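Taking it in order: structure first as structure tokens, then the write-up.
Every number here is computed from the coordinates shown, using simple stated rules; none is lab data. Because the structure is predicted, anything quoted here is derived from the model rather than measured. Reconstructed Cβ throughout: ideal geometry from the backbone, glycine too, with neighbour counts over all protein chains shown.
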Amino acid sequence: MFHIATEEAIRNGRTTDVYFERARRILEARGLNPRVKAEFAAKELPRGWPWAVFAGLEEAATLLQGLPVRVRAFAEGEIVYPGDPVLEIEGNYRDFMLFETAVLGFLCQASGVATMAARYRKRAGDRQVISFGARRMHPAVSPMIERNAFIGGCDGVASVAAAELLGRDPLGTMPHSLVLILGSTLEAAKAFDEVIEPAAARVALIDTFRDEKFECLDLSRELGGRLRAVRFDTPASRRGDLLKILQECRWELNLRGFEAVKFFISGGIREEDIERLNPLTSGYGIGAGISSAPVVDYSMDLVEIDGRPIAKRGKASGAKRCLECAACGDRRVIPAAKEAGVCACGGRYEDLLVPLLDHGRRLEELPPPETIRNGVLKRLDSLPV
């Protein structure tokens, strides 16, 4: 059997931490089921990130839907800062306490992946970014990872199942195994060109056997205008200075009139590599850099019990509003009962925490991934790296 939790196990609360199950039994024995408000927030973000992308809401809402609870939440794809309350559940505690672990799991990992994708996207500018990360993660969660890589800003994903979830065609080139079996890069590229439908871009992998410069030239001569790009996946042991390799190949191609052949780079590309490689590159395939993103460490804390503000040490008690000025972007968190007022710039504050579920009933349909992604891209220009 695969080591995965079934959907039934998640919905039945079997993925909970055991102390919630024990606490539920104790409360039941004492006849207690107080009305509470539970708040999800991250005190700080990983790696010193100044911001994160909120993701995972669709799965969290799917789990909570049908429970006798009210939920307020940030929109998926909203920008998150440390301390922002991104989700609130109101209900009788025993009715949802077993789902804290699962909801946190949905939000924490998805937000981390979406944020790393957004950071690569921002650094890459208008160059193509494709998520190649499915092979670095358990296959059961690869659609989740690729979906959140997409909404964070990736232009496409390589995994077939994930692309189906997104309603898009999967993107990719060719594996080293094809080159090895057919005996040369040129033979693999010719076979690809003969067999694969014309809509698939002709992008040839060029690091299997020979020096990249000569592979580039041979492929360009053979395929001519049908060759869209060459993919550099040069192993670290042979890479040296990748930028120098790209510069040399670009020079030789341009000298012979192959300026239209573009360069696509993959293989351990770090976030900090992107801006140095951008001048020679038209696209990136990013694997573990996105799929193994650090989680955004949200926690869930009770902030109100039976109408009384209360919280553990280090947490602010009481239900809250998270506000953002529509004019200047100023953000603040205030008590839920307090009026928003007017921003110092004269702009109007808008609530970011908005009703999502009422007694388990979804109040509106959640947007598709494409819409969420577009919203993230609009925000990226104004954000620091």
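Here's the picture: charge each Lys and Arg Cβ at +1 and each Asp and Glu Cβ at -1 in the chain, and of Thr173, Gly77, Gly346 the one pushed furthest to the positive end of that dipole is Gly346. Each 5 Å bin from zero holds the following percent of Cα-Cα pairs in segment 68-155: 3, 12, 20, 20, 16, 14, 8, 4, 2, 1.
By DSSP, the beta bridges lying fully in the chain are antiparallel in about 70 percent of cases. Label positions at Ala191 and Phe214, each projected 7 Å from the Cα along the C-beta direction, are separated by 2.2 nm.
What ranking do His3, His359 get, fewest neighbouring Cβ atoms within 10 angstrom at the top? Intermediate values should be presented prior to the final figure.
On the way: His3 6, His359 10.
With the fewest neighbours first, His3, His359 line up as His3, His359.
Within the shell of other residues whose beta carbon sits under 15 angstrom from the beta carbon of Phe258, the net charge comes to +1, with Lys and Arg scored +1 and Asp and Glu -1.
For the residue pairs Lys122/Lys190; Lys37/Lys338; Lys244/Lys378, alpha carbon separations beyond 27 Å are given by Lys122/Lys190; Lys244/Lys378. A viscosity of 1.306 mPa s and a temperature of 10 °C, combined with the Kirkwood radius over C-alpha pairs in the Stokes-Einstein formula, give segment 1-89 a diffusion coefficient of 102 µm²/s. Residue farthest toward the positive end of the dipole of the chain, with Cβ of Lys/Arg at +1 and Asp/Glu at -1: which of Pro139, Phe20, Asn374? Highest projection toward the positive end goes to Phe20. Each residue of segment 232-238 was assigned a 3J(HN,Hα) from its phi angle through the Karplus expression (A = 6.51, B = -1.76, C = 1.60, θ = phi - 60°), giving 9, 10, 3, x, 4, 5, 10 Hz with x at Gly and Pro. Among Glu248, Glu146, Glu78, determine the one that fluctuates most according to a GNM of the chain built with springs between C-alpha atoms less than 10 Å apart. Fluctuation is largest for Glu248. Note on the chain: with a GNM built from Cα contacts shorter than 10 Å, the maximum mean-square fluctuation among Glu39, Glu100, Glu272 falls on Glu272. Angle of helix 18-30 to the longest C-alpha principal axis of the chain, folded into 0 to 90 degrees and rounded to 10: 20°.
Axis of helix 100-124 versus longest Cα principal axis of the chain: the two differ by about 40°, to the nearest ten degrees. Sequence-ordered 3J(HN,Hα) estimates for segment 226-231 from the Karplus curve with 6.51, -1.76 and 1.60 and θ = phi - 60° stand at 6, 7, 6, 7, 10, 10 Hz, glycine and proline given as x.
Magnitude of the Cβ-charge dipole of the chain, K/R +1 and D/E -1, about the Cα centre, nearest 20 debye?
Values: 53 positive and 54 negative charges, 176 e Å.
With Lys and Arg at +1 and Asp and Glu at -1, about 840 debye.
Taking one quarter of the surface of the convex hull spanned by the alpha-carbon atoms of the chain gives a direction-averaged projected area of 22.9 nm². The slack between Leu182 and Asp381, meaning 0.36 nm per residue of separation minus the straight C-alpha distance, is 67.2 nm.
If you rank Met97, Met174 by fewest surrounding Cβ atoms within 10 Å, what's the result? Intermediate values should be presented prior to the final figure.
On the way: Met97 23, Met174 20.
Ordered from fewest to most neighbouring Cβ atoms within 10 Å, Met97, Met174 come out as Met174, Met97.
Remark: segment 272-285, residue by residue, has Karplus-estimated 3J(HN,Hα) of 6, 7, 4, 5, 6, 8, 3, x, 10, 10, 10, x, 9, x Hz, where x stands for each Gly or Pro and the curve is 6.51 cos²θ - 1.76 cosθ + 1.60 at θ = phi - 60°.
Return the FRET efficiency for the residue pair Ala29, Gln65: r is the Cβ-Cβ distance, R0 is 25 Å, and the value is rounded to the nearest 0.05. Here the calculated transfer efficiency is 0.30.
A straight line joining the Cα centroids of segment 251-273 and segment 312-385 runs 41 Å.
Orientation-averaged projection of segment 173-281 equals 6.7 nm² [convex hull of Cα atoms, one quarter of hull surface area].
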